[in-house]
1. In the stretch 21-47, which residues are under 20 Å from residue 138 (Cβ atoms) and of a type in the set (Lys, Arg)?
2. Residue under question is residue 45, and the condition is that it be aliphatic (A, V, I, L, M) and closer than 30 Å to residue 102 by Cα; does it hold?
3. Enumerate the pairs (first residue in the stretch 37-50 and over 12 Å from residue 22 (Cα atoms); second residue anywhere and in a loop (DSSP other than H, G, I, E, B)) with beta-carbon separation below 6 Å, excluding pairs fewer than 6 apart on the same chain, so at least 6 apart or on different chains.
4. Can you tell me which residue is surrounded by the fewest Cβ atoms within 10 Å (Cβ to Cβ) among those in the stretch 78-103 that are at pLDDT 95 or above and more than 20 Å from residue 3 (Cα to Cα)?
5. Taking the criterion of being surrounded by 15 or more Cβ atoms within 10 Å (Cβ to Cβ), closer than 24 Å to residue 37 by Cβ and at pLDDT below 95, would at least one residue in the stretch 64-77 satisfy it?
6. Residue 26 - would you say it is within 30 Å of residue 154 (Cβ to Cβ), part of a helix (DSSP H, G or I) and touching a Leu at 6+ places or on another chain (Cβ under 7 Å)?
7. Residues to consider are 110, 129, 133; find the one that is at pLDDT 90 or above and on the phi < 0 side of the Ramachandran plot.
Amino acid sequence: MAEIKQEFVVARPRKTVWATFKDLETVAGCLPGAALTDPPREDHVKGRMTVKLGPIKANFHGEADIERNEDDFAGTIKGLGLDKNQGSRAKGTVRYVLEEADNGAATRVVVSVTYTLSGALAQFSRGGVVEAVAARLTKDFAANLEAELAARDPAASGANASHTDAAQAPTAAERPQGANELNALSLIAAVVRDWFRKLFARA
């Protein structure tokens with residue numbers, strides 16, 4: 001299985017972020033391309049993930065089991081998704097841990113994903129494409145999560161807005177469930193643009 005590691009910082013205390021992570025509807029609303037198809041349970045969720053790669057559009061429908069360790073602020077998500085139209089299949093395990101940052105004023109979220117892809121989308125698991133998409137997806141998720149927390153606690157948003165692009169991100173209520181899709185090619189293009197900006201900035 002392939003593995004991806006990502007991390008990001010949310011400008012909120014760890015207990016606040018942990019409580020939000022337990023709200024599965026909010027988490028799904030912050031993830032581009034994701035939507036819940038049934039009311040979630042605490043340890044189980046059913047949903048879909050829509051991914052577009054050029055002419056290929058896959059709608060993964062699947063389920064995931066969730067385990068949480070309250071003492072360590074850590075969790076595991078094991079999921080399986082199937083796209084019948086493209087004949088693609090995705091299986092993965094997400095492990096995450098929330099660490100205190102900025103003397104407890106912020107939270108660092110460390111994520112490790114092991115996964116397998118089969119079918120039409122398997123070709124994109126090579127050459128760093130998935131890693132590039134994951135990096136941009138993580139950035140967008142972090143911004144959406146920050147915006148969601150800022151909407152819940154406006155008083156704390158002013159001093160903490162520097163960690164992400166939260167001020168420009170819509171809240172989960174403004175992101176309609178079932179209407180979004182993850183355009184992986186546009187994410188890759190954004191990654192390339194960021195890379196060139198950094199390159200010219202150093203020059």
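The values are calculated or read from the model by the stated rules, or taken from the named source; none is laboratory data. What you see is a predicted model; the values in this text were computed from it and never measured. Reconstructed Cβ throughout: ideal geometry from the backbone, glycine too, with neighbour counts over all protein chains shown.
1. 22
2. On the way: aliphatic (A, V, I, L, M): yes; closer than 30 Å to residue 102 by Cα: no.
Here the answer is no, as residue 45 does not meet what is asked.
3. From residues that are over 12 Å from residue 22 (Cα atoms), the pairs are 46/37; 46/38; 47/37; 48/37; 49/33; 50/33; 50/181.
4. The qualifying residue surrounded by the fewest Cβ atoms within 10 Å (Cβ to Cβ) is 103.
5. Looking through the stretch 64-77, none of the residues is surrounded by 15 or more Cβ atoms within 10 Å (Cβ to Cβ), closer than 24 Å to residue 37 by Cβ and at pLDDT below 95.
6. On the way: within 30 Å of residue 154 (Cβ to Cβ): yes; part of a helix (DSSP H, G or I): yes; touching a Leu at 6+ places or on another chain (Cβ under 7 Å): no.
So residue 26 fails the test.
7. On the way: 129 fails: at pLDDT 90 or above; 133 fails: at pLDDT 90 or above.
Going through 110, 129, 133 in turn, just one is at pLDDT 90 or above and on the phi < 0 side of the Ramachandran plot: 110.
Results for (1) in contact with a helix residue (DSSP H, G or I) (Cβ under 6 Å, 6 or more places away or on another chain); (2) modelled with pLDDT under 95; (3) of a type in the set (D, E, K, R), shown as yes or no for each residue.
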| site | (1), (2), (3) |
| --- | --- |
| 1 | no, yes, no |
| 8 | yes, no, no |
| 22 | no, yes, yes |
| 25 | no, yes, yes |
| 50 | no, yes, no |
